[in-house]
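The values are calculated or read from the model by the stated rules, or taken from the named source; none is laboratory data. Just so it is clear, the structure is predicted and the values come from calculations on it, not from any experiment. Ideal geometry is used to build each Cβ from the backbone, glycine not excepted, and the neighbour counts take in all protein chains shown.
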Amino acid sequence: MTFSTPQSITVIIDVFRAFTTAAYVLDQNPQNYFLTNKTPVVERLIKKHPNVFLVGKPEIGQSLDYDIPNSPTRVQEHNFKGKTIIHRTEAGAKGVLESSSADLVLVVSFPNVLATAKYLKGFDPATITIKSMGHEGITPSLEDNLCAEFLKSLLEGNDSPRDLLMKGLKEGPGKYFFQQDQLQYPKDDFKKCLEIGKFNVVIEARIHEDYASLHQLKQTP
């Protein structure tokens, strides 16, 4: 459920690419959008829902095939209206599922960071925890740290110089988008993941034990 006056809010950041992909998926208004990091959960959800479309890549040691990789570019090649989307990803899903104690869980990337900051300002003085998930939820990543810093700056009433935010990303964590595997890592994903304010949408994650459902929040506090 959505809390109108939450006492604690957790913001999960995953820029490359889970929550950028999520923003692009929700822009198409699917019937359902489920997020998890475990293959057995994906398989269980497939049995419960018709017209399923799978986003992500196989978990290590598992062979389940996905319709498209975790990619906003690949999302735009399909029509998700009326479909059930099941999205398996490591870092973003892990962060969400570990945040069940929060009253409200939001997911963020650069494309919806402006809308999220505006939304969060209406909850002052609620406790806000920002989690940068990094690579597979294990090691820090530049893009997630930059997004977290930018969000904090916006909440403090500042607007960091955007040209400085992207410094080093192309040569560092964004290098995958400029190599040969363009099916998994389309070059256009790099730009899409860093397009600040592309979507005027706040995304809530509602946790259901071992998976979450993602929803656009249309109301403002």
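List of remarks:
- Region 189-208, subset over 16 Å from L114 (Cβ atoms) and at pLDDT 95 or above, residue surrounded by the most Cβ atoms within 10 Å (Cβ to Cβ): A205
- Members of region 68-105 found to be closer than 17 Å to V25 by Cα, part of a loop (DSSP other than H, G, I, E, B) and under 18 Å from the mean Cα position of the chain (by Cα), listed by number: P69, N70, S71, Q76, F80, T89
- Restricting region 149-188 to residues that are part of a loop (DSSP other than H, G, I, E, B) and charged (D, E, K, R), the residue that is modelled with the highest pLDDT: E156
- Test result for F53, part of a strand (DSSP E or B), farther than 19 Å from I207 by Cα and not polar (S, T, N, Q): yes
- Residues being within 17 Å of L217 (Cα to Cα), assigned to a loop (DSSP other than H, G, I, E, B) and in contact with a Pro (Cβ under 7 Å, 6 or more places away or on another chain) - total across region 11-36: 0
Here's the yes/no breakdown for (1) at pLDDT 95 or above; (2) surrounded by 24 or more Cβ atoms within 10 Å (Cβ to Cβ); (3) under 27 Å from I130 (Cβ atoms); (4) acidic (D, E):
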site	(1), (2), (3), (4)
F19	yes, yes, yes, no
G56	yes, yes, yes, no
S63	no, no, no, no
D67	yes, no, no, yes
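- In region 42-54, of all residues being without any contact (Cβ under 8 Å) to a residue 40 or more places away in the chain and crowded, with 17+ Cβ neighbours inside 10 Å, the one that is farthest from C193 (Cα to Cα) corresponds to V52.
- Qualifying residue in region 58-66 (condition: in contact with a strand residue (DSSP E or B) (Cβ under 6 Å, 6 or more places away or on another chain) and among the β-branched types (V, I, T)): no
- Residues of region 59-108 that turn out to be closer than 22 Å to F190 by Cα and among the acidic types (D, E), as a count: 3
- Considering residues of region 106-148 that are among the hydroxyl-bearing types (S, T, Y) and not in a helix (DSSP H, G or I) only, the residue nearest to T10 (Cα to Cα): T129
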